[in-house]
1. Kindly indicate the residue of segment 205-250 that is charged (D, E, K, R) and part of a helix (DSSP H, G or I) and also surrounded by the fewest Cβ atoms within 10 Å (Cβ to Cβ) among those meeting that condition.
2. When you go through (1) open to solvent by 50 Å² or more (accessible area, probe 1.4 Å); (2) at pLDDT 95 or above; (3) not β-branched (Val, Ile, Thr) one by one for Lys74, which number turns out not to apply?
3. How do the strands (runs of 3 or more DSSP E) wholly within segment 133-197 filter down when requiring 2 or more residues that are without any contact (Cβ under 8 Å) to a residue 60 or more places away in the chain: which remain?
4. Please tell me if Gly122 is modelled with pLDDT of 95 or more, open to solvent by less than 40 Å² (accessible area, probe 1.4 Å) and either among the polar types (S, T, N, Q) or out of contact with any helix residue (DSSP H, G or I) (no Cβ under 6 Å at 6 or more places or on another chain) (or both).
5. I want to confirm something. Restricting to segment 205-250 and keeping residues that are among the hydroxyl-bearing types (Ser, Thr, Tyr) and more than 11 Å from the chain's Cα centre (by Cα), which single residue is nearest to Gln177 (Cα to Cα)?
6. Being assigned to a loop (DSSP other than H, G, I, E, B) and surrounded by 14 or more Cβ atoms within 10 Å (Cβ to Cβ) is the filter; apply it to segment 77-106 and report the residue that is modelled with the lowest pLDDT.
7. Which condition does Glu109 not pass, out of (1) open to solvent by less than 70 Å² (accessible area, probe 1.4 Å); (2) charged (D, E, K, R); (3) over 20 Å from Glu187 (Cβ atoms), if it passes all the others?
Amino acid sequence: MLTPERHRIILQLLKEKSIVKIQEVMDLTKSSESTIRRDFSLLEEQRFLKRIHGGASRLQGKLQEPSMIEKSFKNLQEKRQIAKYAAGLVEEGDTIYLDAGTTVREMIEFLPNKNIVVVTNGLMHLSPLLNKGISTYLIGGLIKPNTNAFIGRGALASLDLYRFDKCFMGINGIHPQLGFTTPDQEEAMVKQKAISLSREAYILADHTKFAEISFAKIADIHEAAIITNDLEDETQEQYRNKTSIKVVTA
């Protein structure tokens, strides 16, 4: 079977099912595993799909954004692994920025009982931070209902008052060429500002965020280190010499 025909079959399957397995495509096209893997790699480079373990999945819409509740229950164990490692990077005397992301929220439980200061745009972060007795500043701005994040001109103006040792950010998309992205342009501007004001920047993201591309760019891939939970060697290779990636295992 010719390559264009195989690609047509793969993309049609993704429209119907969202996820396709290598073996499924091998059976349909009478092709070898190595051929289908090359097809998946090429289609990923052309931004038609993203590879996952044992197959490929359809890319999310560039404006698609789950609600805070939906995100809170998705890949929870992986998020907690990432969050625990990230919290261990916080040192005595640090001033840190915590983004409104759900993985970042999981950090709070693991933050050390040290002399630290937290600045955040996450409304849902306030209660757990105060319960831990952590000195906390909440920036102003417009509250975005879907993510309970403060965004807009007020948020950007508030951020200008601070400088950070470290910032910890949630994300929707990570791509080796197109960088870090999120569906909302105003939220992207707040994330971008926080990164620019931080000595060290960390992106907290489970493996599902890789190869995704959302509407609004936050930063280039080299502008922040990535903490994640599981990556195939081939995916890690795409980011080699572009940024630092820490893969946290259980």
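1. Per the criteria, the residue is Asp233.
2. Every condition holds for Lys74 apart from (2).
3. The qualifying strands (runs of 3 or more DSSP E) are 135-138, 142-144, 149-151, 173-175, 179-182.
4. yes
5. Taking segment 205-250 as the starting set, the residues that turn out to be among the hydroxyl-bearing types (Ser, Thr, Tyr) are 208, 214, 228, 235, 239, 243-244, 249.
After this cut, where a residue has to be more than 11 Å from the chain's Cα centre (by Cα) as well, the list is 235, 239, 243-244, 249.
Details: Thr235: 13, Tyr239: 9, Thr243: 12, Ser244: 15, Thr249: 26 Å.
Filtering first and then ranking leaves Tyr239.
6. For segment 77-106, the residue satisfying everything is Gly101.
7. Against the list (1) open to solvent by less than 70 Å² (accessible area, probe 1.4 Å); (2) charged (D, E, K, R); (3) over 20 Å from Glu187 (Cβ atoms), Glu109 comes up short only on (1).
The values are calculated or read from the model by the stated rules, or taken from the named source; none is laboratory data. Nothing here was measured: the structure is a model prediction, and the numbers come from that model. In this analysis, Cβ positions are derived from the backbone assuming ideal geometry, glycine residues included, and neighbour counts consider all displayed protein chains. When the accessible area is computed, the model is the full protein with side chains, heavy atoms only, and any ligands, DNA or RNA have been set aside. Shrake-Rupley method; radii C 1.70, N 1.55, O 1.52, S 1.80 Å.
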